[in-house]
Every structure is written in C-alpha cells, then in structure tokens.
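J.: Take this structure first; my questions come after.
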Amino acid sequence: MLVPEPADHKEIMDTIASHLETKPGKLNYNNKGKYPVARFTNESKLGLCLTVNNYLGIANSEMLKKYVDLDPRVKIMCNIVKYWAKES
C-alpha cells in the first residue's frame, strides 16, 4: 500500500491564503521565507496570524507567555517593541 507524502507546508499555506482572500477583511500573505505567514484582519479588526510547521515560532510565543506570567510589564515592553518595529 502506498502512503501519500505529507503536503508541503507552502502548499498548505497557499490553500489557506486563497481561502482567506474570499473573506471580507485584509490579508497580508508572505510565502517568500522558509515559513510562509498569512496575517488576516477581519472587518471587526480581529487579527489572525497563521503559519505551518514553525516550531521555533511556537516556542518563542510560549517563552514570551511565561515571561509575561512572571512580570506583566513584559507585555507592555513587547507591545512597545512591536510598535517600534512596525514604524521603522
């Protein structure tokens, strides 16, 4: 019996992005890097960021969550850095 190979993560993200394009809202899709990222904001300004097989990104998010749990000021600092990075 032949087992199909798992789908390429870029192919998966292309499919997700093409589906999100049909929805009301704003899609910013970057498939140029190692891990494609789809950022989608709906009409209610609810943001969503999707990627596939980016385990380092998950680990970084978990680490930041632990830092915020230790000291709530970390969240404020992260938001300031995020704002600064967007403006630069």
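J.: Within segment 60-88, count every residue that is more than 17 Å from the chain's Cα centre (by Cα) and among the charged types (D, E, K, R).
T.: The qualifying residues number 6.
J.: Taking segment 1-46 as the region of interest, how many residues are modelled with pLDDT under 90, among the small types (Gly, Ala, Ser) and either closer than 21 Å to SER61 by Cβ or in contact with a helix residue (DSSP H, G or I) (Cβ under 7 Å, 6 or more places away or on another chain) (or both)?
T.: Residues meeting the conditions: 1.
J.: Can you pull out the residues in segment 40-85 that are of a type in the set (Ser, Thr, Tyr) and under 30 Å from PRO24 (Cβ atoms)?
T.: Matches in segment 40-85: THR41, SER44, THR51, SER61, TYR83.
The values are calculated or read from the model by the stated rules, or taken from the named source; none is laboratory data. In this text, all values refer to a predicted model and were calculated from it rather than measured experimentally. Because the Cβ atoms are built from the backbone with ideal geometry, glycine has one as well, and the counts that use them run over all protein chains shown.
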